[in-house]
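Quick notes on the structure that follows.
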Amino acid sequence: MPTRRLSEFVQALRGAGLRISPDEASQAMDAAALVGYAQRQRFHDALALTLVKQQQDKSAFEETFARFFEAEDSRSDSPQDSGSPMPEPAADPSSAQTPEQQQAETLLASTPDQLQQRMAEAAAEMDFTQMEVITQQGIYTRRLLMNMGMGAVDDRVLQLDQGGPRQQARAEQLRQWRARVREQAAGQVRRQFLLHGVGKGRVLREQTLRAVPFRDLREFRDVQALVRRMARRLASLHQRRTKNSRRGMLDARRTMVASIRHDGVPAKLFWRRRPPRKTRVMVICDVSSSVSDAARFLLQFLYAMNDVLPRVRSFAFASRFDEITEDFARYSPEVAVGKVLDRLSGSGTDYAEMFRAFQARCERELDAHTTVIILGDARNNYLQDGAETLQAIRRRVKQVWWLNPESRSRWNSGDAVMDRYLPHCRLARQCATLNDLERVVDSLLGSLD
């Protein structure tokens, strides 16, 4: 089996959601070369052992493997009537056949197995990995038919249409045969699209959803699944970073002392163990009607990352302030967010009262290991801003981050008083899309290391 074919299979697996590194792909190709391709089960097992790392990926691998190599299996199982050879036409003694006509007659005289083989060979010369959207199937079907030589058949049909009744009857037979072959080719392209195009289409859709403002995201399907995937990816990336840095710096003194028994050879390395992190994250979300959608996705994102952010306390406020950590401990993030919004969302936000209530409730836990994240538009309904309370909180904690879902040009328009809070924030960013949210959380994880 050509290396290109296996490379396309690996790309199809990536489109199905499997994470496969170039090194793992190379190992899979080496394993396939060792076991050979003649025995289907051994070939399958070799690829599965080298490419499937998690149990939840096994079903995707099995489905992709069966679909990818379906073309090879279908050659012997193809229906005999769909590709039955056309009867030979009566020779025209008045004119010799052109090369194009000979190509058409050779294709028409093919047996079902020969036709399937020709279609497979034509498909092997094409690059289906570039398929991205479903509307491209027609283009690729036409291209596949042309690679098979169906253009000569089309010309033959047009030529026969110009003749007498016998030639016109023959042209009608060719049209029916051509329709059956086109249906086979469309099926071949459809299988390739399911392998390559669906994954790329999902990526394009996700890229679009990532850039959609939070207020419009609820109109789309599968947003919750996208948020979970983004959170898992970011959590996995951070876990690898943490694993690489967990052992700390080399302890040169202990390494040299231990090397004395080995004639000065550092046979064993000793590392300075880093003390366990005491980081605490406190999230305060404005859940008033203008900001509730951004709060919904921020909370879901953070709680989907509980493996790397185990100490998150959450608070929400609109006209009143309350802790919502228990809601997330008791329910799934999607259900918890809904209950919180039902209980606290509304209008009439009072940031000064929120700061005072937060300081009174969490004063003992505000220390140099605490990061406070505030999500809100800083629109205070022309009430007191409470900036002095935020300043007192900032002096006690490690850092204060402010995420504002509005564009920077609106941060101080109308009743917004963002300029009063900025001096007390280590970082203030616009957070209006999932792309913004991912960048913020990535930066947050980096600052907690």
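The values are calculated or read from the model by the stated rules, or taken from the named source; none is laboratory data. Just so it is clear, the model here is predicted, and its values are computed rather than measured. Counting neighbours? That spans all protein chains shown, and the Cβs are built from the backbone with ideal geometry, glycine included. Note: accessible area is taken over every heavy atom of the protein model, side chains too, but ligands, DNA and RNA are not part of it. Shrake-Rupley method; radii C 1.70, N 1.55, O 1.52, S 1.80 Å.
Across segment 278-448, C-alpha contacts under 8 Å between residues 6 or more apart give a mean separation that, scaled by the residue count, equals a relative contact order of 22 percent. Normalised radius of gyration (Cα atoms, divided by 2.2 N^0.38 Å) for segment 300-410: 1.09. Modelled this way, with points 7 Å down the Cα-to-C-beta line, the labels at residue 249 and residue 410 are 4.8 nm from one another. Summing Lys, Arg as +1 and Asp, Glu as -1, what charge do residues with Cβ under 10 Å from the Cβ of residue 19 carry, residue 19 excluded? For residues surrounding residue 19, the net value is +1. Name the aspartates and glutamates eligible as straight-distance cross-link partners of residue 398: C-alpha to C-alpha under 20 Å, and not fewer than 8 places from it in the same chain. Answer for residue 398, where 20 Å is the Cα cut-off: 363, 365, 367, 388, 442, 449, listed by chain and number. When nucleic acids and ligands are ignored and a 1.4 Å probe is applied, residue 18 ends up with an accessible area of around 10 Å². Near residue 29, once Lys and Arg are set to +1 and Asp and Glu to -1 for all other residues with Cβ below 14 Å from its Cβ, the sum equals -2.
Roughly what % of Cα-Cα distances in segment 345-449 sit above 24 Å, to the whole percent?
Tail of the P(r) past 24 Å holds 23 percent of the pairs.
Going by accessible surface with a 1.4 Å probe and the largest first, 314, 236, 319, 345 read 319, 345, 236, 314. Projecting label points 7 angstrom from Cα along Cα→Cβ for residue 30 and residue 139 puts them 3.9 nm apart.
Annotation: aspartates and glutamates with alpha-carbon distance below 16 angstrom to residue 268 (same-chain offsets under eight excluded): 251. Segment residue 383..residue 332, full-extension length gain: 14.8 nm, with 0.36 nm per residue of separation and the alpha-carbon distance subtracted.
Each DSSP beta bridge with both residues in segment 278-448 is either parallel or antiparallel, and the antiparallel ones are about 15%.
Provide 139, 20 ordered by accessible surface of protein heavy atoms (probe 1.4 Å), highest first.
139, 20
Of the residues 282, 411, 329, the one whose Cα sits farthest toward the positive end of the charge dipole of segment 278-448, with +1 on the Cβ of Lys and Arg and -1 on the Cβ of Asp and Glu, is 282.
How much length, in nm to one decimal, is gained on full extension between residue 447 and residue 114, taken as 0.36 nm per residue of separation minus their Cα-Cα distance?
Taking 0.36 nm per residue and subtracting the Cα distance, the gain is 113.5 nm.
In this simple spin-label model, placing a label point 7 Å from the Cα along the Cα-to-Cβ direction at both residue 343 and residue 205 gives a separation of 3.4 nm. Diffusion coefficient (Stokes-Einstein, Kirkwood radius over C-alpha pairs, 10 °C, 1.306 mPa s) for segment 107-151: 141 µm²/s, rounded to a whole number.
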